[in-house]
Amino acid sequence: MHNTRKIKLVPSILAADFGRLGEQLKVLEAAGADMIHIDVMDGNFVPSISFGMPVIRSIRKVTALPFDVHLMIREPERYLKEFADCGADSITVHIETCSRIESVIRQIKELGVGAGVALNPGTSLDTLSRALPLADMLLVMTVEPGFGGQSYMEGCTQKIRTLRARLDQMGLDTDIEVDGGITKDNVDVVLRAGANVIVSGTAVFRGDLQQNAAIFRERFGK
Ligand code: DX5
Ligand code: ZN
């Protein structure tokens, strides 16, 4: 059975047509997307480079949807304020990039935005122990970060389940976000495992956006 916490559809603009980004965001807003996922890559923590503040600042004007900024960058603390200032509603940092995660989470919260902590497929859940009581959201990467369009790594299902069980044991109702290779055909698996914030790039942006969003929402039982 699906849990009762709010299930959110969060399209990742990495898969958007950047020539029509504003227009596509409006379509997704009307189609019931809950947030917009924004992948920032530095060509260092991950091999690829995506986009940064100027893009975020300009799309801030075209949609009222909250911005979920996923920082795949080293030393993210250098840029937290800038991302908050250009329109982030939540900022997610990778645990692999933070030696003092409590302090980074505190800094994010002091900026008045939600604090997320992500971990790569190969990173143990044990690394999250200090983050668990503090984070607003935990992001389980279900592909190696860096590129859209990869296939969901099946081994991550158990990790989501274990994380949800740990949170339950601690009496925490923290959001679990999943990111990478999520499609209309496998979204049920991650929902059942305990995820409730669903990022999807390719499966939302390839083909008819409105129809894709509607199918996801149907899967959510909305
Ligand atoms: C991967 C990014 C993802 C990516 C997901 O590094 O963090 O957000 O855009 O894209 P799909 O859904 O195509 O795997
Ligand atoms: Zn992402």
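The values are calculated or read from the model by the stated rules, or taken from the named source; none is laboratory data. Remember, predicted model here, so these are calculated numbers, not experimental data. Note that each Cβ is placed from the backbone with ideal geometry, even for glycine, and that neighbours are counted across all protein chains shown. These area figures cover heavy atoms from the full protein model, side chains too; ligands, DNA and RNA do not enter into them. Shrake-Rupley method; radii C 1.70, N 1.55, O 1.52, S 1.80 Å.
Rounded to the nearest percent, how much of the accessible area of the chain (1.4 Å probe, protein heavy atoms only) is carbon and sulfur? Its accessible area is 49 percent carbon and sulfur atoms.
Shape analysis of segment 31-75 places it in the prolate category; the axes a ≥ b ≥ c from the Cα gyration tensor give an a/c of at least 1.5, with a/b above b/c. Over segment 135-222, accessible surface divided per residue gives 43 Å², non-protein components excluded, 1.4 Å probe. Taking the DSSP beta bridges with both ends in the chain, the antiparallel portion is around 5 percent.
Segment 175-209 and segment 7-82 have their alpha-carbon centroids 16 Å apart. Tell me which lysines have Cα within less than 25 Å of residue 81's Cα, excluding those fewer than 8 residues away on the same chain? Output for residue 81: 61, 109. For the chain, modelled as a GNM whose springs connect Cα atoms under 10 angstrom apart, the maximal fluctuation among 146, 207, 194 occurs at 207.
Which of 150, 169, 211 ends up with the largest GNM mean-square fluctuation for the chain, with Cα atoms connected below 10 Å? Between 150, 169, 211, it is 169 that shows the largest mean-square fluctuation. Identify all aspartates and glutamates with a Cα-Cα distance to residue 26 below 17 Å; exclude those on the same chain that are fewer than 8 residues away in sequence. Partners found: 17, 34, 68, 208.
Based on Cβ point charges of +1 for Lys and Arg and -1 for Asp and Glu, what charge dipole magnitude is obtained for the chain about its Cα centre, in debye rounded to the nearest 20?
On the way: 25 positive and 28 negative charges, 66 e Å.
Roughly 320 debye for the chain.
Rounded to whole numbers, the Karplus 3J(HN,Hα) couplings from phi for segment 183-188 are 10, 5, 7, 10, 4, 4 Hz, using 6.51 cos²θ - 1.76 cosθ + 1.60 with θ = phi - 60°, and x at Gly and Pro. Each helix, a run of at least 4 DSSP H residues, gives -39500 (n - 2.57); summed and divided by the residues of the chain, these come to -8500 deg cm²/dmol at 222 nm.
Quick check on segment 99-222: take the gyration tensor over C-alpha atoms, sort the square-rooted eigenvalues as a ≥ b ≥ c, and tell me if it's rounded (a/c under 1.5), prolate or oblate. Prolate shape, in that a/c is at least 1.5 and a/b is the bigger ratio. Between residue 161 and residue 103, the contour length at 0.36 nm per residue exceeds the alpha carbon distance by 18.2 nm.
Of the candidates 134, 163, 21, which one comes out as most mobile in a Gaussian network treatment of the chain with C-alpha springs shorter than 10 Å? Most flexible of the set in this elastic network: 21. With a ≥ b ≥ c taken as the square roots of the eigenvalues of the C-alpha gyration tensor of segment 8-220, please select rounded if a/c is under 1.5 and otherwise prolate if a/b is larger than b/c or oblate if it is not? Taking the square roots of the gyration eigenvalues as a ≥ b ≥ c, segment 8-220 is oblate.
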